[in-house]
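Worksheet: the structure to be examined is printed underneath.
The values are calculated or read from the model by the stated rules, or taken from the named source; none is laboratory data. Here the structure is a predicted model, which is why all the values come from computation and not from measurement. Virtual Cβ from ideal backbone geometry, glycine too; neighbours counted across all protein chains shown. Heads up: the accessible areas ignore ligands, DNA and RNA and are worked out on the full protein's heavy atoms, side chains in. Shrake-Rupley method; radii C 1.70, N 1.55, O 1.52, S 1.80 Å.
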Amino acid sequence: LHYPLRRQRQMCIRDRLKAIKQAGMNSQGGEDLMVLARKIELQLKEMELVLQGDLTRSRRAEFVQAGLMGRLGRAMRAQSSSSGPTQTHMDNYEIARQTFVGLHTSLKALVDGDLQRLQQLLSERNVPWTSGQGLPAWKGE
């Protein structure tokens, strides 16, 4: 994805978690909601490391494993080569492809599992509506 669009989607889940945590803090008995929201945040951070690599360590000139985006960028440089892709380009692409499959599976499980469960708990406990939560069930009252 183009960087700003990728960043927008990434922030969407983070913004939802921030709103959920705020709603959980303002409701009684929301400690387990906060724990689940924090668990999701940590999983997202791990996924970001896979996607981007460890930018903090990289800035300190420490060795870091290349992230998916770095490998993909290296593979795409073959387009500007007059001799075509090298074995290194193809290897980087294959590693990025395999990494993406695992990352996609993890993200789908997070969104369809823990995030869905968190939103269901919010609804069951009548915690105030948060963005991205969907419409609350109408009880006809």
Next item on the list: Please give the helices (runs of 4 or more DSSP H) falling wholly within segment 7-106 in which 2 or more residues are over 30 Å from GLN120 (Cβ atoms) and charged (D, E, K, R).
Entry: 55-59, 68-76
Notebook entry, point to check: How many residues are β-branched (Val, Ile, Thr), open to solvent by 60 Å² or more (accessible area, probe 1.4 Å) and over 13 Å from GLY73 (Cβ atoms) when one looks only at segment 89-111?
Noted result: 2
Check: For the subset of segment 47-77 comprising residues that are of a type in the set (D, E, K, R) and in contact (Cβ under 8 Å) with a residue 24 or more places away in the chain, which member is surrounded by the most Cβ atoms within 10 Å (Cβ to Cβ)?
Finding: ARG71
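Could you check segment 28-46 and list, in sequence order, the residues that are over 16 Å from the mean Cα position of the chain (by Cα) and either surrounded by fewer than 15 Cβ atoms within 10 Å (Cβ to Cβ) or at pLDDT 75 or above (or both)?
Here is the first cut: in segment 28-46, the ones over 16 Å from the mean Cα position of the chain (by Cα) are 28-35.
Those that are over 16 Å from the mean Cα position of the chain (by Cα) and either surrounded by fewer than 15 Cβ atoms within 10 Å (Cβ to Cβ) or at pLDDT 75 or above (or both): GLN28, GLY29, GLU31, ASP32, LEU33, MET34, VAL35.
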